[in-house]
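Engineer: I'd like to ask you about the structure that follows.
The values are calculated or read from the model by the stated rules, or taken from the named source; none is laboratory data. The structure presented is a predicted model; accordingly, all values stated were derived computationally and were not measured. Glycine gets a Cβ as well: all are built from the backbone with ideal geometry, and neighbour counts include every protein chain shown.
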Amino acid sequence: MSARMDDFELSNFAGHDLAAMPSVARGEAAVHAVPLAAATAESLAGCGRPVADFATAEVTIMPWPVRGRRPLVPGTGDEGGTAEGVFEMEARGGLMLAVNRAVGRSYVTGWYGDPATADAATEPADRSCILTHEANYHPDGGQIFCPRAGTGFVALLAKPGDDVTPADFRAFRFDGRFGVHIDPGVWHQPVFPLNPPAVFDDRQGRVHACVAVDFLAEFGCYLEVPLA
């Protein structure tokens, strides 16, 4: 992994103090188990589509919304283009780390085990599932993840709608032969590689608007994403 990943700051992310994450073992947060399905064109309908070739895949860009009755002038409102780079994932102890070089962001995307006690120095006993506390969507455009080296992965997705709940999420397992285009407005996390570390080619809308849901704050739970 890169120097950027080596220098990853673990003390805080998205406004959360990692040392104070609610504990599952102590009953401070519940766990919602997300069902798992094989990723196919049919199963992904309404959330996205398989991507066979990153080089030629196009990201769906949405026109800028208008506030009044007058429409956009044709050919305007969707000219921000796309950003492209690599998305690096690394399992460090009980944490899953990610760096998105397309937009210059770093994340802790999940925990193998109880987030209150998982740390970067202790290897977990079990990597068959991962807990996550957040998801987001991009109203301005889609996002493509394509694995390098045939890495299998799981995508956590829910169909568009701001009244989303944990029960709306599904996990889709990809065997590494193709990637995924996540449609605009679809709730997601960065994908979870089955055998980290892993590198994904990433292409997404350059505006990079994000709308987020915090499962802990809104529903008092983590989402448990199956990886096995």
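Engineer: Look at Ala38 and say whether it is over 27 Å from Asp214 (Cβ atoms) and touching a residue at least 60 places away in the same chain (Cβ under 8 Å). Give the derivation first.
Structural biologist: Details: over 27 Å from Asp214 (Cβ atoms): yes; touching a residue at least 60 places away in the same chain (Cβ under 8 Å): yes.
Criteria met by Ala38.
Engineer: Only residues in the range 59-70 that are closer than 29 Å to Ile144 by Cα count as the first member; pair them with residues that are surrounded by 10 or more Cβ atoms within 10 Å (Cβ to Cβ) and among the aliphatic types (A, V, I, L, M), Cβ under 8 angstrom, at least 6 apart or cross-chain, and list the lot.
Structural biologist: That search, which allows pairs on different chains as well, returns Val59/Ile144; Pro63/Leu72; Trp64/Leu72; Val66/Leu72.
Engineer: Could you give every pair whose Cβ atoms fall below 9 Å, whose first residue belongs to the range 102-126 and is free of Cβ contacts under 8 Å to residues at least 12 places away in the same chain and of a type in the set (D, E, K, R), and whose second residue is in a loop (DSSP other than H, G, I, E, B) and crowded, with 16+ Cβ neighbours inside 10 Å, counting only separations of at least 6 or pairs across chains?
Structural biologist: These pairs meet every condition: Arg105/His208.
Engineer: Mind checking which residues of the range 208-228 are surrounded by fewer than 19 Cβ atoms within 10 Å (Cβ to Cβ) and closer than 29 Å to Pro65 by Cβ?
Structural biologist: Matches in the range 208-228: His208, Ala209, Cys210, Val211, Ala212, Asp214, Ala217, Glu218, Phe219.
Engineer: When the residues of the range 126-167 are narrowed to those that are part of a loop (DSSP other than H, G, I, E, B) and polar (S, T, N, Q), which ends up surrounded by the most Cβ atoms within 10 Å (Cβ to Cβ)? I'd like the intermediate steps shown before the answer.
Structural biologist: Filtering the range 126-167 down to residues part of a loop (DSSP other than H, G, I, E, B) leaves 126-128, 133, 138-140, 142, 148-152, 159-165.
Those still in the list that are polar (S, T, N, Q) too: 128, 151, 165.
On the way: Ser128: 9, Thr151: 21, Thr165: 13.
Result: Thr151.
Engineer: While we're on this one: Among the residues of the range 68-99, write down those that are charged (D, E, K, R) and farther than 22 Å from Val186 by Cα.
Structural biologist: Correct list: Arg69, Arg70, Glu90, Arg92.
Engineer: Pick from the range 59-89 the residues that are of a type in the set (A, V, I, L, M, F, W, C) and at pLDDT below 90: which of them is nearest to Asn100 (Cα to Cα)? Steps first, answer last, please.
Structural biologist: Narrowing the range 59-89 to residues of a type in the set (A, V, I, L, M, F, W, C): 59, 61-62, 64, 66, 72-73, 83, 86-87, 89.
Imposing the further condition that a residue be at pLDDT below 90 reduces the set to 64, 66.
Values: Trp64: 24, Val66: 30 Å.
Applying the filter and picking the extreme gives Trp64.
Engineer: A follow-up question, please. Could you say which residue among Val213, Val225 is more than 18 Å from Val51 (Cα to Cα), of a type in the set (Val, Ile, Thr) and touching a Leu at 6+ places or on another chain (Cβ under 6 Å)? Step through it out loud before you land on a result.
Structural biologist: Numbers: Val213 fails: touching a Leu at 6+ places or on another chain (Cβ under 6 Å).
It is Val225.
Engineer: Right, something else. Given the conditions (1) surrounded by 22 or more Cβ atoms within 10 Å (Cβ to Cβ); (2) within 20 Å of Leu44 (Cβ to Cβ), which single one is not true for Pro115?
Structural biologist: (2)
Engineer: Here's a follow-up. Before we move on, is Gly104 modelled with pLDDT under 90, out of contact with any Lys or Arg (no Cβ under 7 Å at 6 or more places or on another chain) and either among the charged types (D, E, K, R) or surrounded by fewer than 17 Cβ atoms within 10 Å (Cβ to Cβ) (or both)? Please lay out each step first, then the result.
Structural biologist: Details: modelled with pLDDT under 90: yes; out of contact with any Lys or Arg (no Cβ under 7 Å at 6 or more places or on another chain): yes; either among the charged types (D, E, K, R) or surrounded by fewer than 17 Cβ atoms within 10 Å (Cβ to Cβ) (or both): yes.
Taking the combined requirement at face value, the residue satisfies it.
Engineer: Here's another thing I want to ask about it. In the range 168-183, which residues are in contact (Cβ under 8 Å) with a residue 24 or more places away in the chain and either of a type in the set (Lys, Arg) or part of a helix (DSSP H, G or I) (or both)?
Structural biologist: Within the range 168-183, Arg170, Arg173, Arg177 qualify.
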